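Peer 1: Here you go, one structure.
The values are calculated or read from the model by the stated rules, or taken from the named source; none is laboratory data. Computed from a predicted structure; not experimentally measured. Heads up, the Cβs are rebuilt from the backbone with ideal geometry, glycines too, and the neighbour counts pull from every protein chain shown. Side chains are part of the model used for accessible areas, which takes the heavy atoms of the whole protein and leaves out ligands, DNA and RNA. Shrake-Rupley method; radii C 1.70, N 1.55, O 1.52, S 1.80 Å.
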Amino acid sequence: YDRGIETAQANQQLLAALLYRRSTLALLTNQPADSAADLERLLAIDPQFPFARGLALYLALMDCRWEGLEERIAQTLDAVRRNEPAVPPWVLISAADAPQEQLQAASIWTQSFCPPGGVPLWQGERYQHSRLRVAYVSADFREHPVAHAIADVIAHHDPKGFEIIGVSIGGPPSGPTGQRLLERFDRFIEGSTQLDRDLAAQLRAAEVDLAIDLTGYTANSRPNIFAARPAPVQVSFLGYPGTLG
């Protein structure tokens, strides 16, 4: 990105896109000041660049910069109501208690980043399993709050009625909690190195009845797995406290 930005000065559209990408990378690697600097430069080029204003709002919240905050939040909500790609959904749930706008922002986000993956993998088939097949999909089967919170839930499924499938999108389970979960799964799929569509196809081939996304829009999320519709029933639970749109 550094080299691309150096050579893209004459192409403002490309420069803006590269600045946004570098800004998100800096945020993910705990460099908020660098992220904010790239966003400021980006917004000077294109004030309407998709999701940049919302990301700048998030960085202001992280940095305790409260000046004009209520006005910025109000402007963001107005942009969402106009169906503009103004703010990532995971930013809006931390900035405003506005359920309808949160749903709309999440729907805009999914249209941009995880549209329906062609023909749905599940086509209405009725499975005849003796036990309900439930797949828990998570990036956090390790010493992590989600793993700690879900461990007892998984341990208390009635094995006569449920077949539990663990699907990791964040690497192999690790630590005592990860090992405890691994022992409770009837089946385990290591999906962190698989493409979204391939992993979705594996869930469909396993005839999963209920696929539970424990990650949502948090680190290492894989919403395109669910956009491919591999299971009859798909829900978001625990990891992300908002709608996925």
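Peer 1: Please specify each residue of segment 92-150 satisfying the condition of being of a type in the set (Val, Ile, Thr), under 20 Å from the mean Cα position of the chain (by Cα) and either at pLDDT below 95 or on the phi > 0 side of the Ramachandran plot (or both).
Peer 2: Listed by number, the residues that qualify are 93, 110.
Peer 1: While we're looking at this one, here's another question. Residues of segment 47-68 being part of a helix (DSSP H, G or I) and open to solvent by less than 10 Å² (accessible area, probe 1.4 Å), which ones?
Peer 2: 52, 54, 55, 57, 59, 60
Peer 1: Just checking, which of 74, 44 is open to solvent by 80 Å² or more (accessible area, probe 1.4 Å), aliphatic (A, V, I, L, M) and assigned to a helix (DSSP H, G or I)?
Peer 2: Exactly one residue qualifies, and that residue is 44.
Peer 1: May I pose another question? Which residues, counting only those in segment 203-224, are at pLDDT 95 or above and among the β-branched types (Val, Ile, Thr)?
Peer 2: Hits for segment 203-224 are 208, 212, 215.
Peer 1: Now a separate question. State which residue pairs qualify: first residue closer than 10 Å to residue 213 by Cβ and inside segment 228-245, second residue charged (D, E, K, R) in any location, beta carbons under 9 Å apart, and separation of 6 or more residues or different chains.
Peer 2: 234/213; 235/213; 236/213; 237/213; 239/140; 239/213; 240/213; 244/213
Peer 1: Of the residues 107, 94, 35, which single one is more than 20 Å from residue 223 (Cβ to Cβ), part of a helix (DSSP H, G or I) and either of a type in the set (Asp, Glu) or touching a residue at least 24 places away in the same chain (Cβ under 8 Å) (or both)?
Peer 2: Working: 107 fails: more than 20 Å from residue 223 (Cβ to Cβ); 94 fails: more than 20 Å from residue 223 (Cβ to Cβ).
Of 107, 94, 35, the one residue that is more than 20 Å from residue 223 (Cβ to Cβ), part of a helix (DSSP H, G or I) and either of a type in the set (Asp, Glu) or touching a residue at least 24 places away in the same chain (Cβ under 8 Å) (or both) is 35.
Peer 1: I would also like to ask the following. Looking at segment 5-28, I want the residues that are of a type in the set (Lys, Arg) and have a partner that is open to solvent by less than 80 Å² (accessible area, probe 1.4 Å) with Cβ atoms under 7 Å, at least 6 apart or on another chain. Which pairs are those?
Peer 2: Correct list of pairs: 22/5; 22/38.
Peer 1: Report yes if some residue within segment 113-136 is in contact with a helix residue (DSSP H, G or I) (Cβ under 6 Å, 6 or more places away or on another chain), open to solvent by 30 Å² or more (accessible area, probe 1.4 Å), farther than 17 Å from residue 199 by Cα and in a helix (DSSP H, G or I); otherwise report no.
Peer 2: No, every residue in segment 113-136 fails to be in contact with a helix residue (DSSP H, G or I) (Cβ under 6 Å, 6 or more places away or on another chain), open to solvent by 30 Å² or more (accessible area, probe 1.4 Å), farther than 17 Å from residue 199 by Cα and in a helix (DSSP H, G or I).
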